[in-house]
1. So how far apart, in nm, are the two label points at Thr37 and Glu149 if each is 7 Å from Cα heading toward Cβ?
2. Take the solvent-accessible surface of the protein heavy atoms, probe 1.4 Å, and return the percent of it on the chain that carbon and sulfur atoms account for.
3. Could you rank His185, His120 by how accessible they are, 1.4 Å probe, largest area first?
4. Heavy atoms of the protein only, probe of 1.4 Å, neighbouring chains included. What is the accessible area of Lys69 in Å², nearest 10?
5. For Glu163, tell me the accessible area in Å² from a 1.4 Å probe, rounded to the nearest 10.
6. Can you flag which of Lys52/Lys152; Lys74/Lys104; Lys147/Lys184; Lys91/Lys155; Lys52/Lys182 are past 20 Å Cα-Cα?
7. Subtract the Cα-Cα distance of Asp62 and Thr94 from 0.36 nm times their separation in residues, and report this length gain in nm to one decimal.
8. Roughly how tilted is helix 2-16, in degrees to the nearest 10 and between 0 and 90, from the longest Cα axis of the chain?
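The values are calculated or read from the model by the stated rules, or taken from the named source; none is laboratory data. Owing to the predicted nature of the structure, the values given are computational and were not obtained by experimental measurement. All Cβ positions, even for glycine, are placed from backbone atoms using ideal geometry, and neighbour counts span all protein chains on display. These area figures cover heavy atoms from the full protein model, side chains too; ligands, DNA and RNA do not enter into them. Shrake-Rupley method; radii C 1.70, N 1.55, O 1.52, S 1.80 Å.
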Amino acid sequence: MHSVLKNSVWVTVMALFAACSSSENRLPIFGERDTVTKVVDGKTVTDTVYYKIPPFQFVNQDSLPVSDKTYDGKIYVTDFFFVTCPTICPKMKTQMKRVYDKFKGNPDVMFLSHTIDPRHDTPAVLKEFASSLGVTGTQWQFATGPKEEVFKTGKSYMVVAQEDAGAPGGLLHSGHFVLVDKEKHVRGMYDGTTEEGADKLMADIDRLLAEYKKQ
């Protein structure tokens, strides 16, 4: 079931994919893009406007607000899970913890995990879950909120998060990690269930950090 889900999500993502390549070997920018024509100093200029993650508002493991504003000026990695998930979530959290450990303490890099089971995964449950992973502080936040809002946010990241009576636990979500840059552009998607996927993510975070150093 999850392999089919991941394949279908990847096809959808690739259909929306827009690459931004240069001699500097920059990471691509995912999502739809528009062109905007305007007049600057008497000249007609056409700019490309890339898709951005829209605003969101949830509550974190400390019962404090966590929103898109929390990640202003930050590179961040996000995913979807639920604490009682019996299938891919343990693998995903093992790999995300590897990524977190590498960038722990880096002020430019943050993490955001959304639960898709807010009825069970209260802030207190998420706090205990974070503690079991050895996560403290605010660099990696675990978010909960109204189910419909969580599912809508999943779509904004171009991944699946939804109810499914046929899935283990009655909930279905993508196994991808999503890399977002400081401008809220999606810059990469990775298989969060494998070491290879996490290794590629870590390498791409380094590439993205290098992009900003060159600016």
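1. 4.0
2. Values: 5560 of 10430 Å².
In the chain, the share of accessible area belonging to carbon and sulfur is 53 percent.
3. His120, His185
4. 140
5. The accessible area of Glu163 comes to roughly 110 Å².
6. Values: Lys52/Lys152 14 Å; Lys74/Lys104 14 Å; Lys147/Lys184 22 Å; Lys91/Lys155 22 Å; Lys52/Lys182 10 Å.
From the list (Lys52/Lys152; Lys74/Lys104; Lys147/Lys184; Lys91/Lys155; Lys52/Lys182), the Cα-Cα distance tops 20 Å for Lys147/Lys184; Lys91/Lys155.
7. 9.3 nm is the gain from fully extending Asp62 to Thr94.
8. 20
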